[in-house]
Structure formats: structure tokens, C-alpha cells
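Readers should treat all values here as calculations from the given coordinates under stated rules, not as data from a laboratory. Not measured: the values here are computed from a predicted model. Methodologically, a virtual Cβ is constructed for each residue, glycine included, from the backbone with ideal geometry; neighbour enumeration extends over all protein chains shown.
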Amino acid sequence: MVLRILIESRGAKRGIEVGAAQGFGAINIGIGFERTGGHLYSLDISPKAVEETRSNLKQVALENTVTVIEGDALKTVPSIEGEFDFVFIDAVKSDYMKYFKAIEAKLKRGAVIVADNVIVSGHAMEDFLTYIRTSPSCETVIVRASLEKNDGMAVTYKLR
């Protein structure tokens, strides 16, 4: 729900999700983009995850709002043209910095970047967390999103 709220309150129009899994995030993010008239590109390397995400999106009639792309995000991100104002990263934790760097040049001023599992897996993405916390072009806050899982998200705002 927090992802939807961020998208709608920002009025985001173009987003990327790195790591689709079964499509739960894509559905929630997709609802936000449907409401703003925007579009989401959901990326996953697993053919099974891509198939399951597409099926789940179809069941909730979001297949026109969300495009699911199969492949390594580090290779597929450069092929997606245009700028983005919302990013959700929830894939291989040790590669968060690589994903962010692949997307960073395509981010609009005012973009919102959400990285999942930053409390429990913070050690695996220490380079990414240090970068977004110390970059003069970003403002970041860690939000505890789940008491049940004792985990949270980094929410970053791109200043310039």
C-alpha cells in the first residue's frame, strides 16, 4: 500500500520494478500507475516469475498498465527508453547498487526510489545504502515497513 501512496501522491507516470517475483508488488504499484495514468515496467530474470506475474496482472486487468520484461535487469534497463519518476528495487540484494546505477541516469528530478529489505539485508547492500545516504543529489529515509518481518524500505527522493 505504501508504494501506491507514494506513486499517487507524487503523481508518478513512469516506473521500473526490479524483481517481479509473483507480481504482488507489480499489482500494487500498477494500481497506483493506473490511477495516475502512468505505466510500470516490471523486470525479472526468471521465466517462471515473469509468467506468474503476467498471469496475476491479467487476473486484475492491469496488463495494459504494467509491461513485464524477462531478462537480467542490468541488460534490460538500458533498452527501455525515456525517463522515470518511480523505482522499486526488490531483487538480488548484493546487486542493489548495480541496479541503481543502471537506472540513475534515467531518473527525473523528484523521482522516488524505494529499495526493499534494507534492514534485514542491509549488510548485503551496504554500498548502495552508503551511496544513497551520502549523495548530495538524494535524500533518504529508512522506513520500518513490517514489524512481523522486522524489515523495512529505503525511500529516496532525487533532488537533482
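Selection of first residues in the stretch 41-70 that are within 12 Å of I16 (Cα to Cα) and of second residues that are in a helix (DSSP H, G or I) and hydroxyl-bearing (S, T, Y), restricted to Cβ pairs under 6 Å at least 6 apart or on distinct chains, gives the following pairs, ordered by first then second residue: L43/T76; V68/T53; I69/T76. Selection of the stretch 99-121 for residues being touching a Leu at 6+ places or on another chain (Cβ under 6 Å) and either assigned to a helix (DSSP H, G or I) or of a type outside the set (V, I, T) (or both) yields only A102. Residues considered: S46, S55, S42, S9. Of these, the only one that is of a type in the set (S, T, N, Q) and touching a strand residue (DSSP E or B) at 6+ places or on another chain (Cβ under 7 Å) is S42. Within the stretch 122-146, the only residue that satisfies the criterion of being touching a Phe, Trp or Tyr at 6+ places or on another chain (Cβ under 8 Å), in a strand (DSSP E or B) and either in contact (Cβ under 8 Å) with a residue 40 or more places away in the chain or among the hydrophobic types (A, V, I, L, M, F, W, C) (or both) is C138.
Annotation note: of K48, K58, the sole residue that is of a type in the set (K, R) and under 26 Å from S9 (Cα atoms) is K58. For G82, the criteria (1) closer than 26 Å to G152 by Cα; (2) out of contact with any Leu (no Cβ under 8 Å at 6 or more places or on another chain); (3) of a type outside the set (F, W, Y) hold in every case but one, which is (1). Suppose the filter is under 15 Å from V68 (Cβ atoms) and either touching a helix residue (DSSP H, G or I) at 6+ places or on another chain (Cβ under 7 Å) or of a type in the set (A, V, I, L, M) (or both); does A26 pass it? When the stated conditions are applied, A26 passes them. For the stretch 71-91, what are the residues that are over 22 Å from A12 (Cα atoms) and either surrounded by 17 or more Cβ atoms within 10 Å (Cβ to Cβ) or in contact (Cβ under 8 Å) with a residue 24 or more places away in the chain (or both)? G71, D72, L74, listed by residue number.
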